[in-house]
Amino acid sequence: MFTEAKNAAKNAVKRAVGHPKEPVPVVTVEHWIRRLSPDPKRDAIDYLTSLFPIFGWITRYNLGWLTGDLIAGLTVGIVAVPQSMSYAKLASLPAEYGLYSSFVGTLVYSLFATSKDVSIGPVAVMSQTVAQIIAYVDKHHPGAWANTQIATTVAFICGFIALGLGILRLGWIVEFIPAPAVSGYMTGSAINIVSGQVPGLLGLSSVNTRTAPYKVIIDTLKALPQTKLDAAFGITGLVCLYMIRFACTYSTKRYPRRQRLFFFISVFRNAFVIIILTIASWLYCRHRATKSGSYPIKVLGTVPRGFQHLGPPKIDRDLVSALASELPVATIILVLEHIAISRSFGRVNGYKIDPNQELIAIGVTNTVGTLFGAYPATGSFSRSALSSKSGVRTPAAGIIKSVIVLVALYGLTPAFYWIPNAGLSAIIIHAVADLVATPRQVYSFWRVSPLEFIIWAAAVLTTVFSTIEDGIYTAIAASLALLLIRLARPRGYFMGKVQLRSSEKPNAESRDIYVPLNPKPSLWKSGVRVTPPTPGVIVYRFEESVLYPNSALLNTAIVDYVKEKMRRGRDISAIKLSDRPWNDPGPRPGHDENAENIQKPTLHAIVFDFSGVSQIDTTAIQALIDTRTEVERWADRTIEFHFATILSPWVRRALIAGGFGTGVPISNIPREIAAVVPYRGGQEAVHRVDKPQAEDEESKLPNVVEEERHFEEETSPLDLEDTPYFHFDLVGAVRAAEAGLQTQPADTSRSST
């Protein structure tokens, strides 16, 4: 009794939701869940072990790897020391904070990294962003918090966000920002930073470097008469940096056997120039101190020895609220720059990074770094390139880099006192200039995609005439807008047939391929002729997933084509104007509508090539149902809908739910698959005016069609028994449609889909 009641209730529920009495086997949610994690325990263990990639290679560490890591670590470490202090000054922080960030960045990253080349630490764009955040907070809350506290708070929150994204495996989010957008804001940021450092290079303290770059350039030109002695150190240092670089590049080409020697000479140019400028500064300034303790040129001053700010970070809730609006751009720069750099070097050196693990690495690096007083650190392009060229073998080279920075913190800080600030500006300008996109790179953007070139240009111009923040938001917004446009307005083609025959084997059988009826001139030879499908058959290919933004486009394309090219099923030329639908204007004066109509072929079948469709949603299925309803109303007969090359079981499931592919009588198919507001006032089935013989022909197919489908079922790897209108390939689908047309009189109605 209980079982019967249970079955009755189950059947009642099925009737209420419209469950078919004899459902076609389709993929289920249970299948998806099982494939998602076949072995949850094993997947959990793999997830935990993947958090520490170091265990995957440390057991195989050897002397050969150690040699390469030592050379790369020493090389990059020596370069990182002056760069880190320069970037700290750029971020409006004391120089030692750059050393803190560099030490923690390279040390912690080596434990979590999936890239052997990337060097973590202070970078120019991030430092400039931190400086802008500090200026923003000071403007709205003057003197409320120290610059160092603001910087460490930004590092902690941004690191925590990146860590969360990595743990949740959301690294795919960065894929929404394309390479031209990244290059655009990097180029604009480089111009922003260089313009802000030129006044420091020339000793022009009166120029406000926190405004838009174009204003900084104008103010710098106006203030040139006020140039101070600092320019002698700054310009000399910058010229020497470029002279050494170009001389080593030329010598490498002239004497290729000494390439390694010239490489290391070029590598150490930063350290060499800083040492020379520091000695010159000391010789000139040591006896020229004023009563107030200042010197003729600006020098770095006292750099505290060791770690002076160890301890948990001071996270003030009010401070977090004050800088909340600036955190998104800081996080984007932190994540995007690092992922872009790590992918670039992975591509060059033949390995693949894990974006999720890299987010975890950068997140842990910044959160742990706040314990040492570090400010935000991310991947450095210049130091990563240097590490790669130096022959780094594993991420363990970061430990060597940290040792070099540690030695500088505890043993060289007295010498840092006399480093001229103009020399640090020269280091920054020299390093950042390489971030500007080359003309060849920009032209490549134009050649590949002019629209993406426009995005690049918009990002650059916005950054130059506004701020880095505005440049990033412009690049992201423009990229997402282009993505949505491409999704909402994809290309679709009505297809025709081209027969191919081998020129080497004239007697070989020809094969049919389907191409657009109106091919682009640049893609085809002038002599290629495209044969349209048999009259009454339409072949259409949609080059995108059919989703709610573009489903109306598909409907419009098919319906408009049918009304233009295919015969109208009913002769309405004699129908009174008052009896016509309100949206039918009727025949034009002096125009024989019926005579023109009978010259057109009768529509029999529409074949969709779904080889480019990987997703389909409810709105798209409704659009296909609407398309079927409209074309059948126009043709006044049932139209076959064939689908070829369905690659996703979920697309197949959705089409079956919409009444496609199975041959179900049209009278049993609902007009709406999922109505927003269900219509309850009348019949739910599609309205049809079928001829009397249609009912007898619903249950049988012409012999030729049966034979064609029987052959396809035997040769196709797909199971076509339950879905005779789904086909393995486009050629088979068109043949099935044409076979049905050959056996059907023009006025015979078919009642299956």
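The values are calculated or read from the model by the stated rules, or taken from the named source; none is laboratory data. This one's a predicted model, so the numbers in the text were calculated from it and none came from an experiment. Note that we place each Cβ from the backbone using ideal geometry, even for glycine, and neighbour counts take in every protein chain shown. Protein only, heavy atoms only, side chains kept; ligands, DNA and RNA dropped before computing areas. Shrake-Rupley method; radii C 1.70, N 1.55, O 1.52, S 1.80 Å.
Here are a few things to note about the model shown:
- Which listed residue is on the phi > 0 side of the Ramachandran plot and open to solvent by 20 Å² or more (accessible area, probe 1.4 Å), from Gly411, Gly391: Gly391
- Between Val348, Val335, Val364, the distinction of being open to solvent by 30 Å² or more (accessible area, probe 1.4 Å) and assigned to a helix (DSSP H, G or I) belongs to Val348 only.
- Taking the numbered list (1) aromatic (Phe, Trp, Tyr); (2) closer than 25 Å to Thr474 by Cβ; (3) open to solvent by 30 Å² or more (accessible area, probe 1.4 Å) in turn, Phe156 passes all entries but (2).
- Residues that are modelled with pLDDT under 90 and over 20 Å from Asn597 (Cα atoms) within region 624-647 comprise just one, Leu647.
- Subset of region 107-121 that is in contact with a Lys or Arg (Cβ under 9 Å, 6 or more places away or on another chain) and open to solvent by 10 Å² or more (accessible area, probe 1.4 Å) - its residue that is farthest from Arg343 (Cα to Cα): Leu107
- Region 233-258 residues that are farther than 18 Å from Ala271 by Cβ, paired with ones that are surrounded by fewer than 18 Cβ atoms within 10 Å (Cβ to Cβ) (beta carbon under 6 Å, 6 or more apart): Thr252/Gln259
- Condition check for Ser102: assigned to a helix (DSSP H, G or I), in contact with a strand residue (DSSP E or B) (Cβ under 9 Å, 6 or more places away or on another chain), of a type in the set (Ser, Thr, Tyr) and crowded, with 24+ Cβ neighbours inside 10 Å: yes
- Subset of region 251-279 that is open to solvent by less than 40 Å² (accessible area, probe 1.4 Å) and among the aliphatic types (A, V, I, L, M) - its residue that is modelled with the lowest pLDDT: Val267
- Qualifying residue in region 228-247 (condition: farther than 29 Å from Thr75 by Cβ and either outside any helix (DSSP H, G or I) or within 41 Å of the chain's Cα centre (by Cα) (or both)): yes
- The residues in region 520-552 that are at negative phi, over 30 Å from the mean Cα position of the chain (by Cα) and assigned to a loop (DSSP other than H, G, I, E, B) can be counted, and the count is 12.
- Among residues of region 217-239, those that are of a type in the set (A, V, I, L, M, F, W, C) and closer than 17 Å to Asn421 by Cβ, counted: 7
- Some residue of region 34-56 being at pLDDT 90 or above and not aromatic (Phe, Trp, Tyr): yes
- Among residues of region 458-473 that are free of Cβ contacts under 8 Å to residues at least 24 places away in the same chain, those with a Cβ under 8 angstrom from a residue that is surrounded by 21 or more Cβ atoms within 10 Å (Cβ to Cβ), sequence gap 6+ or separate chain, pair up as Asp470/Thr462; Asp470/Thr463.
- Residues in region 520-533 that are open to solvent by 50 Å² or more (accessible area, probe 1.4 Å) and touching a residue at least 24 places away in the same chain (Cβ under 8 Å) were compared, and the one that is farthest from Gly740 (Cα to Cα) is Val528.
- The one condition in (1) outside any helix (DSSP H, G or I); (2) open to solvent by 40 Å² or more (accessible area, probe 1.4 Å); (3) of a type in the set (A, V, I, L, M) that Met495 fails to fulfil: (2)
- Residues satisfying the stated conditions in region 553-579, i.e. part of a loop (DSSP other than H, G, I, E, B), more than 21 Å from Phe494 (Cβ to Cβ) and open to solvent by 70 Å² or more (accessible area, probe 1.4 Å): Arg570, Asp571, Ala574, Lys576
- Among the residues making up region 190-238, those that are over 20 Å from Val464 (Cα atoms) and of a type in the set (Val, Ile, Thr) are Thr227, Ile235, Thr236.
- In region 59-75, the count of residues that are touching a residue at least 40 places away in the same chain (Cβ under 8 Å), in contact with a Leu (Cβ under 9 Å, 6 or more places away or on another chain) and either surrounded by 24 or more Cβ atoms within 10 Å (Cβ to Cβ) or over 20 Å from Ala361 (Cα atoms) (or both) is one or more.
Table: residues versus (1) at pLDDT below 95; (2) within 30 Å of Gly64 (Cα to Cα); (3) not hydrophobic (A, V, I, L, M, F, W, C).
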{"site": "Arg393", "(1), (2), (3)": "yes, yes, yes"}
{"site": "Gly398", "(1), (2), (3)": "yes, yes, yes"}
{"site": "Thr413", "(1), (2), (3)": "yes, no, yes"}
{"site": "Asn421", "(1), (2), (3)": "yes, no, yes"}
{"site": "Ile427", "(1), (2), (3)": "yes, no, no"}
{"site": "Asp434", "(1), (2), (3)": "yes, no, yes"}
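- Scanning region 292-313 for residues that are under 17 Å from Ala155 (Cα atoms) and among the hydroxyl-bearing types (Ser, Thr, Tyr) turns up nothing.
- Within region 438-470, tally of residues that are more than 23 Å from Met126 (Cα to Cα), open to solvent by 60 Å² or more (accessible area, probe 1.4 Å) and touching a Phe, Trp or Tyr at 6+ places or on another chain (Cβ under 8 Å): 1
- Residue match in region 114-124 (condition: of a type in the set (Ser, Thr, Tyr), within 29 Å of Ala72 (Cα to Cα) and in a strand (DSSP E or B)): yes
- Enumeration of residues in region 632-645 that are surrounded by fewer than 22 Cβ atoms within 10 Å (Cβ to Cβ) and hydrophobic (A, V, I, L, M, F, W, C): Trp634, Ala635
- The criterion of at least 2 residues that are farther than 23 Å from Leu323 by Cβ is met, among helices (runs of 4 or more DSSP H) falling completely within region 140-224, by 179-202, 213-222.
- Test: residue in region 504-518 that is in a loop (DSSP other than H, G, I, E, B), surrounded by 16 or more Cβ atoms within 10 Å (Cβ to Cβ) and either modelled with pLDDT of 75 or more or in contact with a strand residue (DSSP E or B) (Cβ under 7 Å, 6 or more places away or on another chain) (or both): no
- Yes/no for Ile485 being farther than 30 Å from Ile598 by Cβ, surrounded by fewer than 18 Cβ atoms within 10 Å (Cβ to Cβ) and out of contact with any strand residue (DSSP E or B) (no Cβ under 6 Å at 6 or more places or on another chain): yes
- Of the residues making up region 288-314, those that are in a loop (DSSP other than H, G, I, E, B) and either open to solvent by less than 100 Å² (accessible area, probe 1.4 Å) or hydrophobic (A, V, I, L, M, F, W, C) (or both) number 17.
- Out of Phe103, Phe55, sole residue that is without any contact (Cβ under 8 Å) to a residue 12 or more places away in the chain and among the hydrophobic types (A, V, I, L, M, F, W, C): Phe55
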